[in-house]
Number of protein chains: 2
Amino acid sequence: MQAEAEAARAAGRRLALVPTMGALHDGHLALVRDARRRGGEDGHVTVSVFVNPTQFGPAEDFDAYPRALDADLDALAEAGGVDAVFAPTDAAMYPFGLPPYATVAVRDLDRHLCGATRPGHFEGVATVVTKLFLACRPHLAVFGQKDAQQLAILRRMTAELGFGVELVGHPIVREPDGLALSSRNRYLSAAERAQAVVLSRALRAAEAAVESGERDAAAIQGAMEDQIAEAPLARPQYAEVVDAGTLQPVDTLSPESPSGGRYLAALAVFFGDTRLIDNTTLEVGRGA
Amino acid sequence: MQAEAEAARAAGRRLALVPTMGALHDGHLALVRDARRRGGEDGHVTVSVFVNPTQFGPAEDFDAYPRALDADLDALAEAGGVDAVFAPTDAAMYPFGLPPYATVAVRDLDRHLCGATRPGHFEGVATVVTKLFLACRPHLAVFGQKDAQQLAILRRMTAELGFGVELVGHPIVREPDGLALSSRNRYLSAAERAQAVVLSRALRAAEAAVESGERDAAAIQGAMEDQIAEAPLARPQYAEVVDAGTLQPVDTLSPESPSGGRYLAALAVFFGDTRLIDNTTLEVGRGA
């Protein structure tokens, strides 16, 4: 992969990477189209497909995570094709076994939201993305904003270590009823699927609260929790409002915040064993 | 630096990096010559000069460490010049301040020798070398074997993360009396300098013991300690025999070891506040 990427670089092409864990859905394909568009005429798009063991906790769904490389290749071909699919084995990615001899550790931004209940998850993500960047040598990489905390951490990591890779966040792609696309949606029973609409409804409620002048984070979180409570099968893990840059919890939303009034409303909700996440950006302006 | 390096790569040149903390001595210049030789006709040699704060402990000599960029540039020019000198500021290397948001953590190989008494040192080294590799984009990097544990850890890190950088270990360069060259030698008083010869003498004693059939690690360590005890100003920190690959302590030297009979005899000795290190490879063959 590195040789292919270096050759494409030497030929003056602009390399874009779309890192995925496979089980591709329309959300992934939107990232691929975005990558192709941004690369332009001389673009070179690589999609990586790797279910990374180091970002799953011992009680999480690593073994059960859907793997469907043949279907993924078909989906990519149908979507117009890509220049390279990088689907390494575990042994290629972790040549010395697990735990790896070297890992990329992150700090601060992983304290809340998913980081609070998934210890080691973002270290696993930072480590595998480092390996993917080194293997695929992209100029830019496209990530979904559904994993907003992941994207924030990777932006900081990429800037801190000096990769020289531009990170692009692609807007969340949703089903008609609002459910964010996710490879894990296929785990849901019909009843769970129907009720899973409460995640996006909760985010809309948070947006509506802010729009109507609410600035108290606890009240906004309450509005989200009220929506989730409408779904008897839903078991909320968190529903939080954090600063969009620092990802630290806040009491009151203000345009004078470190991120200039930008906040992230984010939630994680279990349906049975299936954990779904979703988020939206909240902005409070000086005029409000 | 990254733009310069990418341009050199695109032009088909072979990039070699010699990472240093400056205060260059003949040992460093030997690394530079090695880098130039290995790059060949199309070679491109970068010397980095950066006194990396994250690899110094709070009680160590970061502030006192010699900085002499002008003299370093003169020395490099006199030695025939290089293609680039990368001498970044702390702010350029750590754009978010300290501690960094992302660090490269290593395991196992940092437990003994210098790692035992310098917690965080090798994490700082792994992190800064990651940054240097990303900034300077070398095909190969030349390190001195005086820092044998550092080199072993960096080899593993480079292979684990998949940098695609070839690491070259350059033999230790010594004064006529055997003292390994080090930027820290300039701290030594005349009396300390005279007695500092015991480090290399201790290693010669370890080699002689093995040559005469000694296979007991404690006995070999004893032979080293006896030599160091000859210097009244010397305060030994460690004198150890470890497996050359795993850097774990051993009881008995054997050709059937994980590293095929290769061991590292390594020591650290204080003279006043000045800490000196040195090492040699011990080999026991099947015929012995």
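Observations
- Those residues of the range B:149-166 which are in a helix (DSSP H, G or I), of a type in the set (A, V, I, L, M, F, W, C) and more than 7 Å from chain A (Cβ to nearest Cβ), in sequence order: B:LEU151, B:ALA152, B:ILE153, B:LEU154
- A:GLY40 being at pLDDT below 95 and within 14 Å of another protein chain (Cβ to nearest Cβ): no
- Residues (more than 9 Å from chain B (Cβ to nearest Cβ) and under 23 Å from the mean Cα position of the chain (by Cα)) located in the range A:84-108: A:ALA84, A:VAL85, A:PHE86, A:ALA87, A:PRO88, A:THR89, A:ASP90
- So A:GLY22, is it crowded, with 16+ Cβ neighbours inside 10 Å, modelled with pLDDT of 95 or more and closer than 19 Å to A:MET93 by Cβ: yes
- The set of residues in the range A:16-34 that are closer than 18 Å to A:ILE172 by Cβ and assigned to a strand (DSSP E or B) comprises A:VAL18, A:PRO19, A:THR20.
- Residue count for the range B:256-280 satisfying the condition of being of a type outside the set (Lys, Arg) and farther than 13 Å from B:ASN185 by Cα: 14.
- Residue that is farthest from the chain's Cα centre (by Cα), among those in the range B:35-55 that are among the small types (Gly, Ala, Ser) and assigned to a strand (DSSP E or B): B:GLY43
- Of all the numbered requirements in (1) among the polar types (S, T, N, Q); (2) assigned to a loop (DSSP other than H, G, I, E, B); (3) in contact with an Asp or Glu (Cβ under 8 Å, 6 or more places away or on another chain), B:SER254 misses one, and that requirement is (3).
- Of everything listed in (1) surrounded by fewer than 17 Cβ atoms within 10 Å (Cβ to Cβ); (2) in contact with a helix residue (DSSP H, G or I) (Cβ under 7 Å, 6 or more places away or on another chain), the single unmet condition for A:PRO236 is (1).
- Restricting the range A:180-218 to residues that are without any contact (Cβ under 8 Å) to a residue 40 or more places away in the chain and not in a helix (DSSP H, G or I), the residue that is surrounded by the fewest Cβ atoms within 10 Å (Cβ to Cβ): A:SER212
- Evaluation of A:TYR263 against (1) touching a helix residue (DSSP H, G or I) at 6+ places or on another chain (Cβ under 7 Å); (2) within 21 Å of A:PRO171 (Cβ to Cβ) (one fails), failing number: (1)
- Selection status of A:THR252, surrounded by 17 or more Cβ atoms within 10 Å (Cβ to Cβ) and modelled with pLDDT of 95 or more: no
- In this structure, A:GLU256 qualifies as without any contact (Cβ under 8 Å) to a residue 12 or more places away in the chain and among the acidic types (Asp, Glu).
- Filter result (buried (at least 17 other Cβ atoms within 10 Å of the Cβ) and either assigned to a helix (DSSP H, G or I) or outside the structural domain of B:ALA135 (by TED's automatic domain parsing) (or both)) within the range B:56-106: B:ASP72, B:LEU73, B:ALA75, B:LEU76, B:MET93
- Evaluation of A:GLY124 against (1) crowded, with 24+ Cβ neighbours inside 10 Å; (2) within 14 Å of chain B (Cβ to nearest Cβ); (3) not in a loop (DSSP other than H, G, I, E, B) (one fails), failing number: (1)
- Screening the range B:138-148 for residues that are surrounded by fewer than 22 Cβ atoms within 10 Å (Cβ to Cβ) and over 12 Å from the mean Cα position of the chain (by Cα) and picking the one that is nearest to the other protein chains (Cβ to nearest Cβ) gives B:HIS139.
- Filtered residue count, the range B:107-116, keeping only those that are part of a loop (DSSP other than H, G, I, E, B) and of a type in the set (A, V, I, L, M): 2
- Options B:ALA84, B:ALA64, B:ALA141, B:ALA79: the member that is at pLDDT below 95 and over 23 Å from B:TYR238 (Cβ atoms): B:ALA79
- In the range B:256-288, the residues that are surrounded by fewer than 20 Cβ atoms within 10 Å (Cβ to Cβ), farther than 30 Å from B:ALA64 by Cα, at pLDDT 95 or above and of a type outside the set (Gly, Ala, Ser): B:ARG262, B:THR281, B:GLU283
- Some residue of the range B:57-70 being in contact (Cβ under 8 Å) with a residue 60 or more places away in the chain, under 21 Å from B:PRO119 (Cβ atoms) and within 14 Å of chain A (Cβ to nearest Cβ): no
- Some residue of the range A:259-268 being within 20 Å of the chain's Cα centre (by Cα), in a loop (DSSP other than H, G, I, E, B), hydrophobic (A, V, I, L, M, F, W, C) and not assigned by TED's automatic domain parsing to the domain that holds A:LEU140: no
The rows are residues; the columns are (1) at positive phi; (2) touching a helix residue (DSSP H, G or I) at 6+ places or on another chain (Cβ under 8 Å).
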{"residue": "A:GLY162", "(1), (2)": "yes, yes"}
{"residue": "A:VAL165", "(1), (2)": "no, yes"}
{"residue": "A:VAL168", "(1), (2)": "no, yes"}
{"residue": "A:GLY178", "(1), (2)": "yes, yes"}
{"residue": "A:TYR187", "(1), (2)": "no, no"}
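- Any hit, the range A:157-172, residues being outside the structural domain of A:LEU203 (by TED's automatic domain parsing), closer than 22 Å to B:TYR94 by Cβ, in contact (Cβ under 8 Å) with a residue 60 or more places away in the chain and within 16 Å of the chain's Cα centre (by Cα): no
- Some residue of the range B:181-193 being hydrophobic (A, V, I, L, M, F, W, C), within 20 Å of the chain's Cα centre (by Cα) and closer than 30 Å to B:ARG137 by Cβ: yes
The values are calculated or read from the model by the stated rules, or taken from the named source; none is laboratory data. Only a predicted model underlies this, so the values are computations on that prediction, with no experimental measurement involved. Here the Cβ is made from the backbone with ideal geometry for all residues, glycine too, and neighbour counts use every protein chain on show.
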